[in-house]
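Visitor: Sharing a structure with you now.
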Amino acid sequence: MDSMKIKDALDRPLRDLRISVIDRCNFRCQYCMPAEIFNENFHFLPHNELLSYEEIERVAKIFASLGVEKLRLTGGEPLLRRELPVLIEKLSKIEGINDIGLTTNGVFLKRYAKELKEAGLDRVNISLDSIDDELFKQINGRNIGTKKVMEGITAAKEAGLGIKINMVVKKGLNESQILPMARYCKEEGVQLRYIEFMDVGSTNGWQMDNVVTKKEILQMLESEFELEAVEEDYFGEVAKRYRYIGTDNQVGFITSVSESFCGSCTRARLSANGSLFTCLFNGNGHDLKELLRSDMNDEDLREHLIGWWNHRKDRYSDERIEGKNQNQQKIEMSYIGG
Ligand code: SAM
Ligand code: SF4
Ligand code: SF4
């Protein structure tokens, strides 16, 4: 099949693939991997169940032939996977891929930022939910202070990586940090993205009452800053962005709970053990690893991907807003990577 026909085989665009490279993490963020569940008795994936870098590269090439232009590596904590730059270098050579990002808690960035950039990484999203050291230690459950993350931010800047900061906001936990984080990121000249606390997985005790909505956060910001809305850059852009008037600085919101965006969702997710998920809130992935480890050729693999994508009916966040019954099994954020 020629390349135009292959892309036409999809009945809606697929632009973005998130690849979880590991399910382990050095943090135990309360809203993601509560320490009482992800403890020494928890069974993480053994190494032989993780997709190899060659397998990930093969999958990414097939996705690129279907129109995927952006890849994002995530986890767990992706910088815990050995020799990640080796994977990035492979991915950066794939025809059609023009953007490679990494989502990380930033702790190991100081060590790896330069090497990652040289391997072909374009940007990093660094998670930081508080600039108050004690609160940050409490949230990450590992008594790790903000210093390491801030050093990671500096290293990423020095390496020339694009940077965004992700802050999950949970009521009763860190809403006190909304303004201090805005001040810090504005000062640093990096875009902060407030993420509404989501009901991913089944271990984080999510309740609607714990969600601080974009509207509430924006109101708080407007008590101190003058902001104007910014047009979306491309179809399917997830963040809603605002500019600090008179500057180039922006702030964004991921509004999965209060203003869902399933209609423009162009994203697929690959778990570290090779299951393909067409929605963050789906409990059942498609077993791509089994196909990869069979004698199936790339053409037939691609046909499977086309079929899975074309048959997807996912609109979980829209349905949450519509009040539909949502008792389905859901995967954990640390497994699929956000
Ligand atoms: N460990 C890396 C990190 O924290 O950046 C990458 C994986 S983490 C699962 C990816 C993103 O998901 C992070 O920005 C994290 O804050 C976010 N996240 C985790 N649990 C969440 C939840 N319940 N609601 C909203 N965002 C969440
Ligand atoms: Fe680890 Fe990231 Fe989840 Fe925090 S949000 S526990 S750093 S995977
Ligand atoms: Fe996409 Fe599922 Fe999120 Fe909707 S809920 S935007 S379909 S991942």
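Visitor: Out of all the residues in segment 107-133, which are within 16 Å of ligand 2 (Cβ to nearest atom), part of a loop (DSSP other than H, G, I, E, B) and open to solvent by 40 Å² or more (accessible area, probe 1.4 Å)?
Guide: Listed by number, the list holds a single entry, Phe108.
Visitor: Something else now. Might you check whether a residue that is closer than 30 Å to Met181 by Cα and in contact with a Cys (Cβ under 6 Å, 6 or more places away or on another chain) occurs anywhere in segment 94-107? Break it down stepwise before answering.
Guide: Going through segment 94-107, the residues closer than 30 Å to Met181 by Cα turn out to be 99-107.
Subset that is in contact with a Cys (Cβ under 6 Å, 6 or more places away or on another chain): none.
So far as segment 94-107 goes, no, none of its residues is closer than 30 Å to Met181 by Cα and in contact with a Cys (Cβ under 6 Å, 6 or more places away or on another chain).
Visitor: A further question on this structure: Evaluate the following for Leu276: is it outside any loop (DSSP other than H, G, I, E, B), surrounded by 21 or more Cβ atoms within 10 Å (Cβ to Cβ) and touching an Asp or Glu at 6+ places or on another chain (Cβ under 9 Å)? Spell out the reasoning first.
Guide: Working: outside any loop (DSSP other than H, G, I, E, B): yes; surrounded by 21 or more Cβ atoms within 10 Å (Cβ to Cβ): yes; touching an Asp or Glu at 6+ places or on another chain (Cβ under 9 Å): yes.
So Leu276 passes the test.
Visitor: Out of segment 232-264, which residues are in a strand (DSSP E or B) and not hydrophobic (A, V, I, L, M, F, W, C)?
Guide: Pass one, segment 232-264, residues in a strand (DSSP E or B): 240-244, 250-254.
Lys240, Arg241, Tyr242, Arg243, Tyr244, Gln250, Gly252, listed by residue number.
Visitor: Between residues in segment 17-37 that are on the phi > 0 side of the Ramachandran plot and of a type in the set (A, V, I, L, M, F, W, C) and residues that are in a loop (DSSP other than H, G, I, E, B) and open to solvent by 10 Å² or more (accessible area, probe 1.4 Å), which pairs lie under 6 Å by C-beta distance while being six or more apart or on different chains?
Guide: Short answer, once both residue conditions are applied: none.
Visitor: Starting from segment 41-68, take each residue that is over 25 Å from Leu14 (Cβ atoms) and list its partners that are open to solvent by 40 Å² or more (accessible area, probe 1.4 Å) and not in a helix (DSSP H, G or I), counting only C-beta distances under 9 angstrom and pairs at least six apart or across chains.
Guide: So the pair list comes out as Phe44/Arg24; Leu45/Arg24.
Visitor: Considering only residues that are in a loop (DSSP other than H, G, I, E, B) and at pLDDT 85 or above, which ones fall in segment 280-312?
Guide: Leu280, Phe281, Gly285, Arg293, Ser294, Asp295, Met296, Asn297, His311, Arg312
Visitor: Quick one: which residue in Val169, Val86, Val149 is open to solvent by 20 Å² or more (accessible area, probe 1.4 Å), of a type in the set (Val, Ile, Thr) and without any contact (Cβ under 8 Å) to a residue 60 or more places away in the chain? Break it down stepwise before answering.
Guide: Numbers: Val169 fails: open to solvent by 20 Å² or more (accessible area, probe 1.4 Å); Val149 fails: open to solvent by 20 Å² or more (accessible area, probe 1.4 Å).
So the residue among Val169, Val86, Val149 that is open to solvent by 20 Å² or more (accessible area, probe 1.4 Å), of a type in the set (Val, Ile, Thr) and without any contact (Cβ under 8 Å) to a residue 60 or more places away in the chain is Val86.
Visitor: So, Ser264, is that one more than 10 Å from ligand 3 (Cβ to nearest atom) and either in contact (Cβ under 8 Å) with a residue 40 or more places away in the chain or open to solvent by less than 40 Å² (accessible area, probe 1.4 Å) (or both) or not? Working first, answer last.
Guide: Numbers: more than 10 Å from ligand 3 (Cβ to nearest atom): no; either in contact (Cβ under 8 Å) with a residue 40 or more places away in the chain or open to solvent by less than 40 Å² (accessible area, probe 1.4 Å) (or both): yes.
When the stated conditions are applied, Ser264 does not pass them.
The values are calculated or read from the model by the stated rules, or taken from the named source; none is laboratory data. In this text the structure is predicted, and so the values were computed from the model without any measurement. Methodologically, a virtual Cβ is constructed for each residue, glycine included, from the backbone with ideal geometry; neighbour enumeration extends over all protein chains shown. Ligands, DNA and RNA are stripped out before the accessible areas are found, and what is left, the full protein with its side chains, is counted by its heavy atoms. Shrake-Rupley method; radii C 1.70, N 1.55, O 1.52, S 1.80 Å.
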